[in-house]
1. Hey, could you pull the Cα Rg and Dmax for segment 90-179, both in Å?
2. Between Asp143 and Leu57, what FRET efficiency follows from the Cβ-Cβ distance if R0 is 41 Å, with the result rounded to 0.05?
3. Each residue of segment 126-141 in turn: what ³J(HN,Hα) in whole Hz from Karplus with 6.51, -1.76, 1.60 and θ = phi - 60°, glycine and Pro shown as x?
4. At a probe radius of 1.4 Å, what is the per-residue accessible area of Lys104, in Å² to the nearest 10?
5. At 1.4 Å probe size, with the rest of the protein present, what percent of the exposed accessible area of segment 36-90 is carbon and sulfur atoms?
6. Quick check for you: with a 1.4 Å probe and neighbouring chains kept, what is the accessible area per residue of segment 41-197, in Å²?
Amino acid sequence: MRFQPAVVNRLILVTLSGLLTWPVSAHCSDVVEILNRVAINPPAKVAFREERHNSMLQEPLVLNGYLEYLAPGQMRKVVETPYREVFTITDSAVEIERDGQNQKLSLRRSRSLKTLLSGIEAIISGDENQLMDSFELELHESDRDWSIRFTPRSRRVARNLEGLYVSGSDDVIVSIRVYLCDGEWQLIELQQDRDSS
């Protein structure tokens, strides 16, 4: 099975944004402070429920599984239902396993994808300097609720990704939405019980 680079980009965006599950302060007044509180150290693992919305689907596709931040530069998404699929991301490649077949995409061929993955890892690790280089960040707070919008600075990344929206209430992240430029979007809901291995 061969995957198109644009499809891989979308799947990776959804994959990695889900690792932002650690608690943050609802009283933080700036994005950098929230990012510092969100930062996690590997190894970390969290279960997810994901909805993929697409104009070609009558009903959203619902996936369940878990996400792992294994080490700096190394992440994995495992879909357990309704089918089995594993994405393994390293500094140099993305490997996709599905239906007993593997495909490997070199990041040396796609500077755009490498930049995108570095930005996603920067969100996970709380690297605000990397994020400021890759995204425009905007924080909204209302009473106990807050959200951060991540808008890509790169025109190349912005061709596929409109933005990431991380929403929370009090001291937890509630959901992550990924909006793509063609009207497709995903909602990732995260289990509040976090499992670090």
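1. When restricted to Cα atoms, segment 90-179 yields Rg and Dmax of 15.3, 49 Å.
2. 0.75
3. After applying 6.51 cos²θ - 1.76 cosθ + 1.60, I find x, 7, 5, 5, 4, 5, 5, 6, 9, 9, 8, 10, 9, 9, 10, 10 Hz.
4. 150 Å²
5. 48 percent
6. 54 Å²
The values are calculated or read from the model by the stated rules, or taken from the named source; none is laboratory data. These numbers come from a predicted model, not from an experiment. Because the Cβ atoms are built from the backbone with ideal geometry, glycine has one as well, and the counts that use them run over all protein chains shown. Please note that ligands, DNA and RNA were not included when accessible areas were found on the heavy atoms of the full protein model with its side chains. Shrake-Rupley method; radii C 1.70, N 1.55, O 1.52, S 1.80 Å.
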